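In what follows, a single structure is set out as structure tokens and then discussed.
The values are calculated or read from the model by the stated rules, or taken from the named source; none is laboratory data. Because the structure is a prediction, the values reported are computed rather than measured. Neighbour counts run over all protein chains shown; Cβ positions are idealised from the backbone, glycine included.
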């Protein structure tokens, strides 16, 4: 019988059935960060419990670390230093590997786990972070959980999981020039709504997905959580193994992972097909990632009045051409080297518009930062008027420290445009790094020149 | 964990879709690595007209004196989407909410509820509109919600139900399978030795 990729990984990790469709599933990798990980580690210690296999648990400081040059444990968020020092102490006490604030390997969880080869095809990986689905790009079953579940997996090596349903989203045809993985996922969200993938494992397939490099595949899977999915996943191919070869925690000789694809004829609970060749650069207009539309299209007539009040726009209006105050390139969605290269290519030789108060580039990891600097990308960005930072989650969310000017309208390469996500009253419009870069130069939301907006 | 069997309370209505955990408990309200001290920040952006000064917004449902003692919150689709922060559930529980009735929940939020003894009930929009603002009695063993003499059934996974009704700790339950987990790992070590990073160091 043909199996889906999800079925294969589920069956491999299935230890026992528990009750009513719930199973005990073995967990191969656990990743923590300072914002939710310390809660799990402290709760574990208070209960007198220990990590079952320390070598399979990793932690990093990414969420509230200062991203200004010359950083230490101090944070712009009041009281944030406690999260860092407590997480460090708890990691040491638990005997797990920590990538600390100024470690050469520091970076955003979902950027460094692949960089270091910690996530591997066919493995199960969990983290108390909703964007863990990013790592499904490697043909792994990687999903976000809460702190209690992280503690559960650390202590027992397994989790009790209600078996999710399966969905396949097939992107047929080839993407037009200037249209990216970010636009693919925003188009799916716009079409199906933010709850459209509820509790499904969503496999991304089709020609347009096969043609994506690993970094773009991560962008695609990253926003599966914005689709309310259990997680996102992509079958393993040569692109996957080429990326992983030689990574620190990957095996020296890569195993045969060629079976980690859905079999021909595998049946999914739901199938969605999207013609990639018709996609255009996307941007959000509201306060849910599902509130997205091709750049230039009007806001729908039935848009929620409370949403429009918050975002300061009207139904029928287009987001294209709106003046912006801030441009932000960063986050686990779009902060990898290829993202920075594409954005830098657009800004080279130009300057951020005078009306833009803040333009910020935050590399996804310290390794990405070094690689970008070796290519001179930092110089291109700073010459154009962008700030160039140390790696971290930065202003993807507002933690009470650094903020954008009050009331700012922000064009952002991140994943969430929730009310207040980037600060009280901040109006966030999500788009690809290309659209963010082009908008920073124009001072208003626009597609890169040459792209149909 | 406090076992959940029956509960009688008003349903405070929050009829919005896609309420995210950043709104339930903003990151800036998460001030320690502990699980307490969060109730004050619950729904801070909507509950306070001035968040810093903690000036209540009279238009927000939880500031309506009628719902001062409500232990049930009714909501729309995809409640608890966004960040995995369990603090959202800890904040709701600390505030006094013991049950959420919504058209749907984000998967991580749902699981976080079950792990903390907060009952997540899925009901369709029509039922929700009828029971919102009324006093209801929830009977978890019977899987029913009763309001104004009408009884509505709801589905919940068998394991989630048992854990909530008995107030069980999931880790203790799983540790009872420790031998099975060890046997699985022993077999897996030969099939996928590269997974076990501690074996080669």
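Quick check: is even one residue across the range B:172-181 surrounded by 15 or more Cβ atoms within 10 Å (Cβ to Cβ), modelled with pLDDT under 95 and touching a helix residue (DSSP H, G or I) at 6+ places or on another chain (Cβ under 9 Å)? So far as the range B:172-181 goes, yes, one or more of its residues are surrounded by 15 or more Cβ atoms within 10 Å (Cβ to Cβ), modelled with pLDDT under 95 and touching a helix residue (DSSP H, G or I) at 6+ places or on another chain (Cβ under 9 Å). Just need a number here: residues in the range A:398-419 that are modelled with pLDDT under 95 and crowded, with 24+ Cβ neighbours inside 10 Å. Counting residues in the range A:398-419 that are modelled with pLDDT under 95 and crowded, with 24+ Cβ neighbours inside 10 Å gives 1. With respect to the conditions (1) more than 7 Å from chain A (Cβ to nearest Cβ); (2) part of a helix (DSSP H, G or I); (3) surrounded by 14 or more Cβ atoms within 10 Å (Cβ to Cβ), residue B:187 falls short on a single one, namely (3).
Residues to consider are A:146, A:195; find the one that is touching a helix residue (DSSP H, G or I) at 6+ places or on another chain (Cβ under 6 Å), facing chain B (nearest Cβ under 9 Å) and either in contact (Cβ under 8 Å) with a residue 12 or more places away in the chain or over 26 Å from residue A:393 (Cβ atoms) (or both).
Working: A:195 fails: touching a helix residue (DSSP H, G or I) at 6+ places or on another chain (Cβ under 6 Å).
Just one listed residue meets the conditions, A:146.
Being over 24 Å from residue A:371 (Cβ atoms) and within 11 Å of chain B (Cβ to nearest Cβ), is that true of even one residue in the range A:106-119? Scanning the range A:106-119 turns up no residue that is over 24 Å from residue A:371 (Cβ atoms) and within 11 Å of chain B (Cβ to nearest Cβ).
Against the criterion of being farther than 28 Å from residue A:165 by Cβ and touching a strand residue (DSSP E or B) at 6+ places or on another chain (Cβ under 8 Å), residue B:189 does not qualify.
If we scan the range B:165-177, do we find a residue that is free of Cβ contacts under 8 Å to residues at least 24 places away in the same chain and within 15 Å of the chain's Cα centre (by Cα)? No, the range B:165-177 has no match at all. Among all positions in the range A:364-384, there is at least one residue which is in contact (Cβ under 8 Å) with a residue 60 or more places away in the chain and within 26 Å of residue B:31 (Cα to Cα). All told, residue A:62 falls short of being touching a helix residue (DSSP H, G or I) at 6+ places or on another chain (Cβ under 9 Å) and within 8 Å of chain B (Cβ to nearest Cβ).
Restricted to the range A:169-190, and to residues there that are surrounded by fewer than 24 Cβ atoms within 10 Å (Cβ to Cβ) and in a strand (DSSP E or B), the residue that is farthest from the other protein chains (Cβ to nearest Cβ) is A:172. If only residues of the range B:158-172 that are within 7 Å of chain A (Cβ to nearest Cβ) and touching a strand residue (DSSP E or B) at 6+ places or on another chain (Cβ under 8 Å) are counted, the one that is nearest to residue B:144 (Cα to Cα) is B:158. Restricting A:70, A:74, A:82 to residues that are over 30 Å from residue B:178 (Cα atoms), out of contact with any strand residue (DSSP E or B) (no Cβ under 9 Å at 6 or more places or on another chain), within 8 Å of chain B (Cβ to nearest Cβ) and surrounded by fewer than 19 Cβ atoms within 10 Å (Cβ to Cβ) narrows the list to A:82. Based on this model, can you work out whether residue B:11 counts as away from chain A (no Cβ under 12 Å) and either buried (at least 20 other Cβ atoms within 10 Å of the Cβ) or over 26 Å from residue A:41 (Cβ atoms) (or both)? Considered against the rule, which asks whether it is away from chain A (no Cβ under 12 Å) and either buried (at least 20 other Cβ atoms within 10 Å of the Cβ) or over 26 Å from residue A:41 (Cβ atoms) (or both), residue B:11 comes out as yes.
Residue count for the range A:137-168, restricted to those that are more than 20 Å from the chain's Cα centre (by Cα) and part of a helix (DSSP H, G or I): 8. Condition check for residue A:439 on (1) crowded, with 22+ Cβ neighbours inside 10 Å; (2) assigned to a loop (DSSP other than H, G, I, E, B): one failure, at (2). Within the range B:1-36, the residues that satisfy the criterion of being in contact (Cβ under 8 Å) with a residue 60 or more places away in the chain and assigned to a loop (DSSP other than H, G, I, E, B) are B:1, B:2, B:3, B:4, B:5, B:15, B:16, B:17, B:18, B:19, B:25.
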